[in-house]
Structure formats: structure tokens, C-alpha cells
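The values are calculated or read from the model by the stated rules, or taken from the named source; none is laboratory data. Quantities reported herein were computed from a predicted structural model and do not represent experimental measurements. As a convention, Cβ positions derive from the backbone with ideal geometry for all residues, glycine included, and neighbour counts pool all protein chains shown. Keep in mind that these areas ignore ligands, DNA and RNA; they rest on the heavy atoms of the full protein, side chains included. Shrake-Rupley method; radii C 1.70, N 1.55, O 1.52, S 1.80 Å.
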Amino acid sequence: MSVKAARITISIILAAAVIVLMFFFTSGFFSSASEKVLPGVEVLGVKLGGLNRTEGTERLLELEKNLRGTRVTLRYEDKSWQLLLNETGFDLKEDAVMDAALIAGRHGSLYQRWQERRKFNKTGLSLLPVIEFDRDKLAQRVRELCADILVEPRDAAFSINRNDTVSIISGKDGVDVDFDLLEKDLAAVLSSGKNPEVTLVTVTRAPARTTAFLESMNVKGLLGSYTTRFDSSKTSRTYNVSVAAKAFDEMLVLPGHEVSFNKVVGPRSSEAGYKNAPVIVNNEFVDGLGGGVCQVSTTLYNAVLLANLDIVKRTCHSLPVSYVPIGRDATVVYDTVDLIFRNNTDSYLYFKTYVSGSQLTVKIYGNTDYKRDVTINTRVTEEIEPQIVYETDPNLPLGEEVVKQEGSKGFKIAAERIVKKNGVVEKKEALPSSYYNPVNKVIAVGSMEQDLPQ
């Protein structure tokens, strides 16, 4: 080939290369995915070609709005229901769709991009929508619609017999919709653009508490129980006792787990349903929210003692209370004073509380291999005499004395727990001691001057 011919050939090749490069540059093959969608790209019939991310997202939001008004026919055997997508937490993931649209035709080699571009021009590219549902909303609505084909599972439960032994009421499987499959089918039928219709598939739904699970807890019978009495005519206090006691009813405690009274019962507030009733504040009984809750903590404390469980934290009242022997009470104040105990067995504990008439009872059930005979002894180690306080009263004649408040002694109390098995003492242990303040005797002394007769 002559030099001239070679030069002509090279010029032609360079010109062709320039034309090809100009084509690629002007066609957007080297543009970043943050620019415009290539022509021919669409989703569910909505054309995205030539749109940037903001414009495409606006169009997809309009599509999502329209799809939310779609009713999908759900079928099961000879039954059918209409499911409105707007009630399912339907969500078209616009960002994910735009990511796919903007990258379409812009990955791979130059040749691959060129081939994809030719395909877009001829047949277009229909992207699959990215669809999600709010599982809770979807499940709630479908279960409402299809209630007549569903069966709620029944949890296994403990049953307390008359002799305080424990038996188990077996759990029962239920029937539910296969929601994993339903979500996939809904997304598929919406992506296909066909008549929105889905056939439901049901699955067995196990109870949250199975019979085998309860059997593994080894709850066989009563470990400890205690009952206190109250004046049921004091309705606000009785109500508070019932509210607090209910928090422990049917409570399960894992082996080794510590239980905080305050965490279980929660704040004693009007929002939680508590009412004003007498409480001890500064050695006096005054009205306060949650009056009566301490009777629940005290009753629980004694049941825990008799069940031979570990006491982690306990505080006595500042004054003795009437519903338990001195030294066996447990006061609580939310976020300040707590009663805490530990399940020191290797099995679960199951609690039952009963409020009936003028009685509160707490019963603790568990593995009866840990059942022991427990005795609680308390004794006064010191008596503290009250002081006599004189107060001037201008309404009484000069020098006259009237007792405004009868004083009472204070006490220091020691307590112990004796644990026996088959009549043989296994252990003796000191329990938390108690200190009760003396209450001063208050005498009013008159200071009123009297006019002498003329």
C-alpha cells in the first residue's frame, strides 16, 4: 500500500472513531446515573425516559397514589374479598426504582451499552417496581376480611387445682394466612399489570406458649402463699390494692431472674389508674396517690419469704402497719424504695394473686422439689420511748393542757427465717432488720388570758 493510500485509510479510521465517540458522548453513555433516564425506560406503563431523578420521582409518586386506590381480589376456595391497597401500608419505593432507571444502559462495556441502547429504542425497557407492605397493617386488614377462614391459636395455660397442684391446659394450633407468600404474590400481580387477583394460601400458626414450653418450666405446685386483710369499705384503697396486685397475676419468672416490684407495677399515677388513699409520709398518714400499694408489696414479701426465695432488697415502713406482724412489712416508693427478690430455683416461678372481699392473697408456684417448711420469727431488740412535745395553743385557757396526739413507742426488730426439710433444719438466716420511729406525744398548753370579773 502506498504512503498516500495508508494516510487516507488512517484518516478514514480516525474520522469514524471521532463520529463513534461523538455518538457515545452525545447519547449520554458517559453521563453519570444522576442525570436523565435514557429513552424507552418505563415502569408499569409510566415513561421515565428523559427525566431526571426529581422529575421521575414526582411521576412515580403519582403512580403510587393511583396504585393505593387499587382493589385486589383475594380468593380462597369459593370465597373472595376485596383488599384495598391503601389499607395495607402499600409503599412504592421511588428511590430504588429511580436508581434502577438511571443506571439502565449505563453499565458494562461501550459495546454492551450500545446494544442496550438499541434495544431500548426498539422494544423499550420495562422495569419491575420495588414494592413493600407494612406487614402489621396488611395482616390486620386481611385477618379482618378473612376472619371466617382463620382460627386463632390457643396458648397453653396453667390450671391451679384445689389442692394447689398445677396442671396444664394444652395449647392448640391455629390457621393463618401465609403472609410471606401473600406479599410476594401481591407484588408479582401488581408488577404484571394483569387483573389484580391473588389466591390465598393458609398455614398452621402455632400458639405463643406451647404445651411443651410450659411443661419445660417444671411448675408443679405451691411453694409459698400469704394472705392479708384490709377494710373493703375504703373503696379507693381497695381499688389501688386490686390494680397493683393484678400486675403480678400470672407472672412468670425465669430461673435466677431478679424481680423488682417497682418495675412490675410501674408508676403510681392517676394515668395508671391509681386513686388517693392514706399513705405514710413523715410518720403520719396522709392522702396520696396509690395508697394501699404497700399492702401488696408486704403480702408479696411474705409469700416470697415462705417460698424460700432470696431477698435482694427490702425496706420497712417508718411506722408499724396493722396487716402483718411487726418486722414483716415491705414499703415501696416508685423510683426510690423498692422490693427486689430472686428466683433461686432452677425452674420457672408462676404467680397468682387474688383480691376477694377483704382479703389479698399472693401465691407462688414452682418446682415442688424446692418446697420447704419455712418459719419466720421476729423479736423486738429495742424499744424507743416517745418524746413529749408541748405546743402553745391560744384557744385554750391559760395553763390548761390537752393531749393532741397520743405518742407511741418506736422499735428495733430482728427477724430470721428457719428452713426445714422433712423436719430437719436446713438453714437459719437473718432477714433484713426493721426500725420503726417513735411518735411524739403532743400536748397543747393554753395561753389565752381570761378577763377577771369586776
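Electrostatic tally near D249: other residues with Cβ closer than 13 Å to its Cβ, Lys and Arg +1, Asp and Glu -1, net +2.
Using a Förster distance of 30 angstrom, determine the FRET efficiency expected from the C-beta separation of E35 and D178, and round it to 0.05.
Working: r = 43 Å, r/R0 = 1.42.
Approximately 0.10, to the nearest 0.05.
Per residue, region 301-454 exposes 54 Å² of accessible surface when a 1.4 Å probe is rolled over the protein heavy atoms with every protein chain present.
Net charge near T375: determine it from the other residues with C-beta under 14 Å of the C-beta of T375, scoring Lys and Arg +1 and Asp and Glu -1.
Working: positive: R328, R372, R379, R417, K420, K421, K427, K428; negative: D373, E416, E426, E429.
The answer is +4.
Could you compute the net charge surrounding G45? Neighbours are other residues with a C-beta less than 13 Å from the C-beta of G45; K and R count +1, D and E count -1.
Numbers: positive: K47, R59, K194; negative: E42, E62.
Net charge around G45: +1.
Multiplying the residue separation of R379 and A157 by 0.36 nm and subtracting their alpha-carbon distance yields 75.7 nm. Label reach from S80 (point 7 Å along Cα→C-beta): in region 174-195, amide nitrogens under 13 Å belong to 195.
P(r) for region 101-211, from all Cα pairs and a bin width of 10 Å, is 11, 25, 19, 16, 13, 9, 4, 2, 1 %, short bins first.
If DNA, RNA and ligands are ignored and the probe is 1.4 Å, what is the ranking of E35, E58 by accessible area, most exposed first?
Details: E35 90, E58 115 Å².
If we order E35, E58 from most to least accessible, we get E58, E35.
Close amide H pairs (under 5 Å, H built 1.01 Å from N) link G224 with I364, residues at least 5 positions away or on another chain. Here K441 is the anchor, and the lysines within straight C-alpha reach of less than 29 Å, apart from those fewer than 8 places off in the same chain, are K234, K404, K409, K412. Distances between placed amide hydrogens fall under 5 Å for L339 paired with F261, N262, all partners being 5 or more residues away or on another chain.
Tell me which DSSP H helices of the chain clear both cut-offs, 27 Å or more of axial length from alpha-carbon atoms and a mean Kyte-Doolittle hydropathy of at least 1.6. Show your work: numbers first, answer last.
Numbers: long enough: 3-27 (36 Å, 2.02).
The answer, listed by residue number, is 3-27.
Sorting the segments 221-230, 403-412, 302-311 by their residues' average number of neighbouring beta-carbon atoms within 10 angstrom, most packed first, yields 302-311, 221-230, 403-412.
Given a cut-off of 21 Å, name the pairs among K220/K263; K352/K420; K220/K352; K172/K371 whose C-alpha atoms lie farther apart than that in the structure shown.
Numbers: K220/K263 27 Å; K352/K420 24 Å; K220/K352 14 Å; K172/K371 31 Å.
Beyond 21 Å: K220/K263; K352/K420; K172/K371.
Per-residue 3J(HN,Hα) values for region 401-412, derived from phi via the Karplus relation 6.51 cos²θ - 1.76 cosθ + 1.60 with θ = phi - 60°, read 10, 9, 6, 8, 8, 6, x, 9, 5, x, 9, 10 Hz in sequence order (x marks Gly and Pro).
The helix-only estimate of mean residue ellipticity at 222 nm for the chain, built from DSSP H runs of length n ≥ 4 each weighted as -39500 (n - 2.57), is -9000 deg cm²/dmol after division by the residue total.
Averaged over residues, the count of other Cβ atoms within 10 Å places the peptides 64-72, 393-401, 413-421 in the sequence 413-421, 64-72, 393-401, highest first. The spread of Cα positions in region 96-135, taken along each principal axis and listed from longest to shortest, comes to 43, 20, 11 Å. A Förster radius of 60 Å, combined with the Cβ-Cβ distance separating A188 from M448, puts the computed FRET efficiency at roughly 0.05. For Rg/Rh (Cα atoms, Kirkwood Rh), the candidate list reads (1) 0.95; (2) 1.31; (3) 1.06; the entry that matches the value derived from this model is (2). Dipole magnitude for the chain: about 2260 debye, using +1 per Lys or Arg Cβ and -1 per Asp or Glu Cβ, origin at the Cα centre.
A Cβ-based charge dipole, computed about the Cα centre of region 107-255 with Lys and Arg at +1 and Asp and Glu at -1, lands at about 520 debye. Along the axis of the charge dipole computed for the chain (Cβ charges of +1 for Lys and Arg, -1 for Asp and Glu, origin at the Cα centre), the listed residues N195, N344, G327 are led at the positive end by N195. Expressed as a whole percent, the accessible surface of region 288-378 that belongs to carbon and sulfur atoms is 45, based on a 1.4 Å probe.
Between the beta carbons of D136 and I103, assuming R0 = 45 Å, the FRET efficiency works out to 0.85 to the nearest 0.05.
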